[in-house]
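The values are calculated or read from the model by the stated rules, or taken from the named source; none is laboratory data. In this text the structure is predicted, and so the values were computed from the model without any measurement. Positions of Cβ are backbone-derived with ideal geometry, glycine not excepted, and every protein chain shown enters the neighbour counts.
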Amino acid sequence: MTSLTIEYPPEVLWALQQEPQEFEADARLLLAIKLYEIGRLSTGLAAKLAGVPRSAFIFMLGRYRLSPFGQTSDELEEDLAKARSGRHPQ
């Protein structure tokens, strides 16, 4: 596996009140979520990057108001409204 090293000042840990391991895990998760959000990674690859199972990653997307279906909740509601207002074939 390839690695990425990011240097950060110790003040970041103080500001966030986190231990290094906790901050690094959060940073991995946030990077994975952002790459998923902008369409660069699938949920499976983003989960691998975050170091969590895909099912857990999908659950975590909800915390950040993201859909595992690649749409916002407003887009899903709009699609549902359009589907409900459509005519059914006779």
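Overview of values
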| read-out | value |
| --- | --- |
| Listing of helices (runs of 4 or more DSSP H) fully contained in the range 1-63 that carry 3 or more residues being surrounded by 14 or more Cβ atoms within 10 Å (Cβ to Cβ) and over 9 Å from the mean Cα position of the chain (by Cα) | 20-37, 43-50 |
| Cβ pairs under 6 Å, 6+ apart, first in the range 14-33 and under 19 Å from PHE57 (Cβ atoms) and modelled with pLDDT under 95, second surrounded by 13 or more Cβ atoms within 10 Å (Cβ to Cβ) and not acidic (Asp, Glu) | none |
| Failed item, numbered, when SER67 is tested on (1) under 11 Å from the mean Cα position of the chain (by Cα); (2) in a helix (DSSP H, G or I); (3) hydroxyl-bearing (Ser, Thr, Tyr) | (2) |
